[in-house]
């Protein structure tokens with residue numbers, strides 16, 4: 001017997017639109033009819049924003065199966081396609097689109113039926129959350145209300161159910177120990193288990209890393225190893241083996257730092273090898289990210305109590321449902337499905353995290369249950385902390401006492417970019433107004449619960465007259481920062497205050513000197529010989545910043561004095577609040593110091609260590625921010641000084657760390673050249689037969705900037721490969737143009753096409769959808785160049801639409817000049833080509849084609865590919881034929897392995 005009322009269903013792809021009436025009769029319809037039907041009666045759909053985009057309407061309301069899945073199975077992931085959801089609920093996969101629309105009904109039935117099963121693990125809290133959702137008009141609530149049994153007693157609230165973290169004494173210093181080669185290899189053998197294939201490169205790397213954990217010879221001279229570990233040698237376990245031995249013997253913590261969230265997840269998945277027992281594993285291995293990644297319980301409570309309305313209120317309740325079952329409260333890359341916030345067009349998602357440093361620490365009612373605090377405290381006791389480059393570098397740059405001393409930087413080829421971001425300064429309108437809100441609190445239409453600096457420290461400051469006066473002075477000085485509507489006032493020629501006048505002068509000078517960029521995406525110009533109005537405005541803004549910095553320094557002193565004097569009211573929670581406020585003030589003062597240094601440079605002599613410029617940011621010609629920027633010419637100098645030098649042990653590893661000829665490039669890009677200590681190098685070649693498994697084709701008959709021809713080439717190549725294609729673009733505009741021309745054509749051939757910057761889905765989920773279907777293809781930009789790990793048949797063709805030359809920005813121009821001109825460009829391009837090519841072979845048996853659609857590709861760049869790989873310049877027709885032949889061979893080979901003859 002069905003638990004669902006008779007419901008219609010709607011399924012839309014680039015190939016067409018299908019509806020099923022309540023009785024299950026399926027027919028194909030046009031967009032107009034589909035929109036009319038959906039407006040009249042709620043239909044079962046899957047991913048409303050995506051379906052709405054296919055219908056050509058911005059908003060589409062209905063019974064979204066993804067929302068139902070997030071309610072029934074919070075903190076679980078399912079690929080957000082009909083096949084992915086069918087697999088998640090255990091029903092047969094639909095064979096075609098007509099079957100897919102009927103599968104929507106079967107998926108809904110299976111999910112609702114789960115509520116009746118006695119072993120439903122996520123039952124607790126469902127009735128209460130559904131009650132709240134019904135008050136917010138959630139379309140699934142009436143159906144669930146009819147099925148959910150009223151609990152015999154009041155259900156515990158989320159805030160009651162979450163466990164509290166325990167306070168521990170400060171961790172002691174690690175013991176002085178050594179890890180010898182034998183211990184490292186024995187640990188590696190244990191990780192691999194009996195019968196595992198011995199990989200020579202992996203064993204050599206594990207042995208080579210072991211002495212990195214020896215005691216350093218003297219302060220400022222860490223043990224450093226740069227390891228170029230080719231894909232397939234198993235570098236993850238190679239460095240985890242000696243790292244875990246050292247952690248156990250010393251009682252210390254090793255931090256493993258990554259650049260992408262995908263690798264963080266991959267490292268976390270290795271946990272059972274390190275510690276089979278789940279409870280012990282939770283203590284020994286901790287994933288850490290920046291505060292902005294975690295759910296803020298105080299923000300969630302505010303949202304659930306009326307701070308959010310409409311669709312955002314529905315999101316808040318589903319997030320609360322997730323939070324009760326989440327492993328760690330990580331909203332970005334953790335166990336929250338990446339597609340959940342995108343269903344609500346991210347309405348309110350960012351407001352549920354701590355993005356502005358407004359945390360009240362122990363003043364929060366949920367402090368002892370806070371996900372962020374739990375992760376930080378767990379990290380102090382763990383053997384391994386899996387973090388990211390940004391968190392590690394920012395912690396070191398701010399001089400945090402818990403900055404790591406033993407670090408493994410995986411994806412080390414990104415260290416330069418991470419350092420470039422960390423050790424830079426940007427005084428833009430958005431950054432300045434963010435500081436204003438941090439001090440004053442939300443204003444105007446953004447008021448909500450006030451949590452400005454004065455509100456956060458009101459009770460603490462009441463005990464100290466000087467501290468209270470400092471807060472008042474800070475609030476007064478912050479009032480001179482730009483406020484709501486600043487960009488419109490600047491555009492109208494009516495700026496208020498010193499900062500809006502500064503930004504107006506930046507805008508005028510940028511428009512006067514910058515060369516217009518295509519598609520209206522932005523303008524920039526060097527900050528050289530600034531005009532009079534900019535110099536005058538910078539001086540006034542600098543004076544206003546000094547007026548803000550002085551009372552902030554005074555407040556920090558008064559708070560430190562409170563800690564020193566330890567008055568009677570300073571209990572443990574209050575101490576934590578004061579320490580948190582000191583920390584927040586410290587990094588805000590660092591930010592202001594960077595701004596002051598930049599403004600002090602306007603009109604003065606150039607500093608050869610830095611690159612300064614002005615920029616206006618636009619989307620499709622519409623301005624959304626502008627300001628001044630300062631970057632280190634060589635960001636590895638502060639990286640070496642602030643991060644590597646104070647450490648004891650540092651391993652930097654990557655499959656593309658070393659240059660084609662020597663280690664000079666790796667030494668320069670990691671900061672090794674700036675160290676007094678000697679740096680060791682290690683290299684293990686990939687075991688894969690790249691020459692036998694891959695081919696590189698440069699298509700030599702495609703005109704530049706011919707979008708119809710480019711789209712046709714992509715379509716023919718994807719069709720020849722039967723899907724399984726990763727298409728990489730150097731410009732979003734061209735990606736969108738190609739997608740618009742070929743998506744329908746490919747869909748009619750049964751080849752789904754997903755696209756970054758087109759589909760309203762986060763990048764991580766798009767990759768999951770691509771990986772899940774061997775016939776699917778994915779188009780994207782730089783984020784996909786080396787952030788995609790898709791082993792097996794789902795990725796067998798990589799196509800780049802042109803040579804990825806660096807954008808001619810002011811910053812790149814300065815580094816190019818310092819780095820040897822065109823030779824610097826070539827290094828950058830070869831690295832990008834190598835990273836993109838590296839997507840093809842991730843495991844034994846992978847293979848395929850790398851196609852570059854650029855006739856003008858210089859031969860000197862082809863050294864980016866592994867030695868022995870053939871690089872052939874061919875017409876498009878030949879490229880298509882070769883790929884089709886390889887695809888036919890692959891299909892026949894697979895059928896042979898399965899024992900299926902050609903006559904079957």
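The values are calculated or read from the model by the stated rules, or taken from the named source; none is laboratory data. All values reported here derive from a predicted model rather than from experimental measurement. Please note: Cβ atoms are built from the backbone with ideal geometry, for glycine as well, and neighbour counts cover all protein chains shown.
Remarks
- Once region 1-29 is narrowed to residues that are closer than 10 Å to residue 97 by Cβ and touching a strand residue (DSSP E or B) at 6+ places or on another chain (Cβ under 8 Å), the residue that is surrounded by the most Cβ atoms within 10 Å (Cβ to Cβ) is 11.
- Scanning region 122-148 for residues that are under 28 Å from residue 327 (Cα atoms) and free of Cβ contacts under 8 Å to residues at least 24 places away in the same chain, we see that the one that is surrounded by the most Cβ atoms within 10 Å (Cβ to Cβ) is 141.
- Scanning region 523-553 for residues that are touching a strand residue (DSSP E or B) at 6+ places or on another chain (Cβ under 6 Å) and surrounded by fewer than 23 Cβ atoms within 10 Å (Cβ to Cβ) gives 523, 524, 525, 526.
- Residue 727 meets each of the listed conditions (1) in a helix (DSSP H, G or I); (2) in contact with a strand residue (DSSP E or B) (Cβ under 7 Å, 6 or more places away or on another chain); (3) buried (at least 21 other Cβ atoms within 10 Å of the Cβ) apart from (1).
- Within region 729-749, the set of residues being out of contact with any helix residue (DSSP H, G or I) (no Cβ under 9 Å at 6 or more places or on another chain) and without any contact (Cβ under 8 Å) to a residue 40 or more places away in the chain comprises 736 only.
- Qualifying residues in region 167-196 (those that are surrounded by fewer than 11 Cβ atoms within 10 Å (Cβ to Cβ) and under 34 Å from the mean Cα position of the chain (by Cα)) - the one farthest from residue 212 (Cα to Cα): 167
- Residue in region 554-571 that is surrounded by fewer than 19 Cβ atoms within 10 Å (Cβ to Cβ) and within 34 Å of the chain's Cα centre (by Cα) present: no
- Test result for residue 162, at pLDDT 95 or above, in contact with a helix residue (DSSP H, G or I) (Cβ under 6 Å, 6 or more places away or on another chain), surrounded by 15 or more Cβ atoms within 10 Å (Cβ to Cβ) and more than 30 Å from residue 749 (Cα to Cα): no
- Filter pass, residue 839 being within 22 Å of the chain's Cα centre (by Cα), touching a residue at least 12 places away in the same chain (Cβ under 8 Å) and closer than 23 Å to residue 689 by Cβ: yes
- Answer from 328, 335 - the residue that is in contact with a strand residue (DSSP E or B) (Cβ under 9 Å, 6 or more places away or on another chain), surrounded by fewer than 24 Cβ atoms within 10 Å (Cβ to Cβ) and part of a loop (DSSP other than H, G, I, E, B): 328
- Some residue of region 200-208 being under 32 Å from the mean Cα position of the chain (by Cα), outside any loop (DSSP other than H, G, I, E, B) and within 30 Å of residue 113 (Cα to Cα): no
- Residue count for region 239-280, restricted to those that are over 25 Å from the mean Cα position of the chain (by Cα) and either outside the structural domain of residue 210 (by TED's automatic domain parsing) or surrounded by 18 or more Cβ atoms within 10 Å (Cβ to Cβ) (or both): 10
- On inspection, residue 304 does not qualify as outside the structural domain of residue 80 (by TED's automatic domain parsing), buried (at least 19 other Cβ atoms within 10 Å of the Cβ), in contact with a helix residue (DSSP H, G or I) (Cβ under 6 Å, 6 or more places away or on another chain) and in a loop (DSSP other than H, G, I, E, B).
So that you can scan it fast, the table gives a plain yes or no per residue for (1) modelled with pLDDT of 95 or more; (2) in contact with a strand residue (DSSP E or B) (Cβ under 9 Å, 6 or more places away or on another chain); (3) part of a loop (DSSP other than H, G, I, E, B):
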{"residue": "770", "(1), (2), (3)": "no, yes, no"}
{"residue": "783", "(1), (2), (3)": "no, no, no"}
{"residue": "806", "(1), (2), (3)": "no, no, yes"}
{"residue": "818", "(1), (2), (3)": "no, no, no"}
{"residue": "825", "(1), (2), (3)": "no, no, no"}
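- Complete set of residues in region 33-50 that are farther than 24 Å from residue 134 by Cβ and touching a strand residue (DSSP E or B) at 6+ places or on another chain (Cβ under 7 Å): 34, 37
- Residue count for region 788-804, restricted to those that are part of a loop (DSSP other than H, G, I, E, B), modelled with pLDDT of 90 or more and under 30 Å from residue 687 (Cβ atoms): 4
- Positions within region 519-563 being in a loop (DSSP other than H, G, I, E, B) and free of Cβ contacts under 8 Å to residues at least 12 places away in the same chain, in sequence order: 529
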